[in-house]
1. Considering only protein heavy atoms and a probe of 1.4 Å, how much of the accessible area of the chain is carbon and sulfur, as a whole percent?
2. Picking from 180, 89, 43, whose Cα lies most toward the positive end of the charge dipole for region 7-231 (charges on Cβ: Lys, Arg +1; Asp, Glu -1)?
3. With charges set only on the Cβ (+1 for Lys and Arg, -1 for Asp and Glu), what does the dipole of region 7-231 come to about its Cα centre, in debye to the nearest 20?
4. In a shell of Cβ-Cβ distance under 15 Å around residue 136, excluding residue 136 itself, what net charge do Lys and Arg (+1) and Asp and Glu (-1) give?
5. Could you work out the local net charge near residue 60, counting Lys and Arg as +1, Asp and Glu as -1, over the other residues with Cβ closer than 10 Å to its Cβ?
6. Excluding residues fewer than 8 places away in the same chain, name every one of the aspartates and glutamates whose C-alpha is closer than 12 Å to that of residue 107.
7. Give me the angle, in degrees from 0 to 90, between the Cα long axis of helix 106-118 and the longest principal axis of the Cα atoms of the chain, rounded to the nearest 10.
8. Can you list, bin by bin at 10 Å, the percent of alpha carbon pairs in region 55-101, starting at 0?
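The values are calculated or read from the model by the stated rules, or taken from the named source; none is laboratory data. Quick caveat, the model's predicted, so the values are computed rather than measured. Neighbour counts are summed over all protein chains in view; Cβ atoms, including those assigned to glycine, are modelled from backbone coordinates with ideal geometry. Keep in mind that these areas ignore ligands, DNA and RNA; they rest on the heavy atoms of the full protein, side chains included. Shrake-Rupley method; radii C 1.70, N 1.55, O 1.52, S 1.80 Å.
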Amino acid sequence: MSFAGKKVLVLGGTSGIGLAAAQQFHTAGASVVVISRDKDKVANAAASVGDNCTGETLDVLDMEAMRALFAAHAPFDIMVNAATGGERATGPFAKMDLEGFRGSFRKLWGYTNSVQAALPHLADDGNMVLVSGAPARKAPPGYAAISTVGNAVEGFCRAVATEIAPKRLNVVSPGIIDTPMFAVDGAARDDFLDKATANNLIKRAGTADEVASGILFVAGNPFVTGTTVDVDGGMLLP
Ligand SMILES: NC(=O)c1ccc[n+]([C@@H]2O[C@H](COP(=O)([O-])OP(=O)(O)OC[C@H]3O[C@@H](n4cnc5c(N)ncnc54)[C@H](OP(=O)(O)O)[C@@H]3O)[C@@H](O)[C@H]2O)c1
């Protein structure tokens with residue numbers, strides 16, 4: 001799939017799934033802008049992706065800054081938002097701090113900001129991709145907040161896709177993916193990833209590249225919109 005001549009903005013493009021997507025779009029010929037909060041991560045990511053990749057510093061929760069940044073890069077063809085947005089609240093819902101539960105929605109607010117801010121500057125045949133997560137439809141105990149946010153992301157996509165056609169909006173839903181989002185190292189990390197994927201059809205954590213290839217698929221296929229593509233090792237089935 002060629003993205004030659006396309007301009008792609010990747011929010012959360014400095015780590016994990018977003019960085020892998022930036023690298024794959026770049027390899028496929030696109031010019032890419034990687035965007036996140038930390039200026040060192042932005043500089044390192046832009047340099048690692050290569051020529052024809054630049055970086056910008058932005059908090060996805062800052063709508064005015066986002067509008068200005070998107071206007072400065074207009075027009076563009078594809079906007080990917082893989083930013084986590086902030087902390088993720090986990091643990092039994094009955095005992096959960098509801099501030100933490102509400103705080104998990106920063107991911108959704110970052111996504112809604114980016115879709116609204118991108119629309120005026122998106123090419124007529126352009127498209128946008130968001131990232132939900134398998135717990136949206138199969139939540140283990142302790143994942144109520146993450147599941148609720150993921151469902152909101154997928155519902156938002158279906159609703160907004162009907163309003164913006166022929167521009168397109170899709171979601172990719174990863175399972176357990178080995179990225180820096182899980183801030184555990186060494187044997188504890190292996191143990192966590194093994195246990196979290198033990199009941200999957202494919203019994204291992206996925207890679208950021210495997211999810212990124214799903215992002216490029218929906219971005220590059222002009223007949224795909226308003227849908228969620230699962231890249232989760234069969235996590236939803238057993
Ligand atoms: N990894 C998994 O197993 C998994 C599973 C299901 C769903 N997901 C979803 O996949 C997406 C990507 O996750 P990942 O695993 O690639 O995470 P990651 O490696 O931690 O990367 C997160 C990226 O988001 C950026 N970011 C976070 N908050 C931001 C903010 N407020 N404004 C701007 N940028 C922000 C981070 O950069 P800065 O720190 O520089 O801002 C970083 O570039 C997320 O939506 C996550 O919920 C991941």
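1. Values: 6090 of 10960 Å².
Of the solvent-accessible surface of the chain, carbon and sulfur hold 56 percent.
2. The Cα lying farthest towards the positive end belongs to 89.
3. Details: 19 positive and 23 negative charges, 101 e Å.
That gives region 7-231 a dipole magnitude of about 480 debye.
4. Working: positive: 88, 107, 137, 138, 158; negative: 154, 230, 232.
Charge balance near residue 136 sits at +2.
5. Details: positive: 37, 106, 107; negative: 59, 62.
My count for the surroundings of residue 60 gives +1.
6. 59, 87
7. The angle comes out at about 20 degrees.
8. Calculated over all Cα pairs of region 55-101, the distribution is 20, 39, 21, 16, 5 percent.
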